[in-house]
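Undergrad: First, the structure itself, so that you have it in front of you.
Where a number appears in this text, it was derived from the coordinates with a stated rule and is not lab data. Just so you know, these numbers come straight off a predicted model, no measurement behind them. Every residue, glycine as well, gets a Cβ built from its backbone with ideal geometry; the counts of neighbours run over all protein chains shown.
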Amino acid sequence: MILKALREGLGRLIVFFSFILSPKQIKRSENEQAEIAKQAKKYSIYQFYACPFCVKTRRAMYRLNLPIEYKDAQNNKQHRADLLAGGGEIKVPCLRIDEEGESKWMYESSDIIKYLESKFS
């Protein structure tokens, strides 16, 4: 219990510093950003708010100016169940990619960031 509270407290401290030291967003024209928003609808990110790897992934998404939907797998039972059923494990961050009628699940923050940078940089 103490370890969980310590981990949560440190995670929130990381979130605070991440907020203060936000990266600069990519600037795009209105038309380009509208196209990015359209493409981003097929993605969602399952995450825990204070997870350091989720913070890393959210910072990259912010920098890339991606309006990807966040799914709280820590506090929302339905999102947690969806993550377990679709991805096979409760591990975050996890990027859900819905293409051609099927869902792909990508774990590991570094892999997610590389994938998003290859698609949206």
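Undergrad: How much length is gained on full extension from residue 20 to residue 114, taking 0.36 nm per residue of separation minus their Cα-Cα distance?
TA: Gain in length upon complete extension: 31.4 nm.
Undergrad: Per-residue ellipticity at 222 nm for the chain, helices alone: DSSP H runs ≥ 4 residues times -39500 (n - 2.57), over residue total, nearest 500 deg cm²/dmol?
TA: -17000 deg cm²/dmol
Undergrad: Still on this structure, I have one more. Sorted from fewest to most neighbouring beta carbons within 10 Å, what does the list 82, 111 look like?
TA: 111, 82
Undergrad: Next question. Among the lysines, select those whose C-alpha is under 19 Å from the C-alpha of residue 56, and discard any that sit fewer than 8 residues away in the same chain.
TA: Result set, ordered by chain and number: 24, 71, 91, 114, 119.
Undergrad: Let me see the P(r) profile for the chain: every Cα-Cα distance counted, bins of 10 Å, each bin given as a percent of all pairs.
TA: In whole percents, the pair-distance histogram is 13, 42, 34, 10, 1.
Undergrad: Report the gain in length on full extension from residue 99 to residue 4: 0.36 nm times residue separation, minus Cα-Cα distance, nm rounded to one decimal.
TA: Taking 0.36 nm per residue and subtracting the Cα distance, the gain is 30.5 nm.
Undergrad: I would also like to ask the following. What are the DSSP H helices in the chain that stretch 20 Å or more along their long axis, judged by alpha-carbon atoms, and whose average Kyte-Doolittle hydropathy comes to at least -0.5?
TA: 2-20
Undergrad: Using a 10 Å cut-off on Cβ atoms, rank the peptides 25-35, 70-80, 88-98 from the highest mean neighbour count down.
TA: For the peptides 25-35, 70-80, 88-98, the packing ranking is 88-98, 70-80, 25-35.
Undergrad: Give me the extension gain from residue 90 to residue 121: residue separation times 0.36 nm, minus the current Cα-Cα distance, reported in nm with one decimal.
TA: 8.3 nm
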